[in-house]
Amino acid sequence: MKKWLMLVVAALMLTACGDKEETKKEETTKDETLVGFELTGDEVEEAPDVPKEDEEQIIAAFNEYIYSFNAKDIDRYTQTLSKNPQGFEYEEDVAAAKNAFAQYNIERTPSDVTIVKYSEDEAQVFSNLEIQMTEIETNAELTSSGRQVTVFTNENGGWKVTSVYYIGNDS
């Protein structure tokens, strides 16, 4: 039962408190252009024509999002989030992160980090994630993996997380 509870908490934190766990999701951006992505399948295609400077900034923003969460640094973590997110409620996400930090040690390890969609205003970053959770009180451990697309918005000259889509691997 503890492992099930830990898995639920991990899924909640991975989706930035959104309810967007799906294999395919479509969104309408500010300019009403339909953007879609797939979380299933084996091939991940890199977005074409991403300016080198933006690519470096987006990947750095993704890494900071992951590393600040792993470090349980709420101040750093909140700096990675959009103040006007599309896929979660900001205050609820911050409260959930604080709760998770108090109860669990969570280590998210991304691989295959790839920008799969890009515009000047939005970027979608795909990654495979390995998640290791340990409940602090009981030392109960859980390991899981999945695929995630983290959507960033270009907000005040910086890339901020606006929504997260995650699906766990079957196993």
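When the criteria are applied in full, Asp93 meets the requirement of being open to solvent by less than 30 Å² (accessible area, probe 1.4 Å), acidic (Asp, Glu) and either modelled with pLDDT of 95 or more or not in a loop (DSSP other than H, G, I, E, B) (or both). When region 99-113 is examined, which residues are found to be farther than 30 Å from Gly157 by Cβ and open to solvent by 40 Å² or more (accessible area, probe 1.4 Å)? Listed by number, the residues that qualify are Asn99, Ala102, Gln103, Asn105, Glu107. For region 115-127, give me each residue that is polar (S, T, N, Q) and closer than 13 Å to Ala61 by Cα. Result: Gln124, single match.
Counting the residues of region 89-114 that are closer than 15 Å to Thr162 by Cα and in contact with a helix residue (DSSP H, G or I) (Cβ under 9 Å, 6 or more places away or on another chain) gives 3. Residue under question is Glu56, and the condition is that it be at pLDDT 95 or above and within 13 Å of Ala123 (Cα to Cα); does it hold? For Glu56, the condition - at pLDDT 95 or above and within 13 Å of Ala123 (Cα to Cα) - is met. Among the residues of region 114-143, those that are more than 16 Å from Asn154 (Cβ to Cβ) and open to solvent by less than 20 Å² (accessible area, probe 1.4 Å) comprise Phe126, Ser127, Leu129, Ile131, Met133, Glu135.
The values are calculated or read from the model by the stated rules, or taken from the named source; none is laboratory data. The structure presented is a predicted model; accordingly, all values stated were derived computationally and were not measured. Because the Cβ atoms are built from the backbone with ideal geometry, glycine has one as well, and the counts that use them run over all protein chains shown. Heads up: the accessible areas ignore ligands, DNA and RNA and are worked out on the full protein's heavy atoms, side chains in. Shrake-Rupley method; radii C 1.70, N 1.55, O 1.52, S 1.80 Å.
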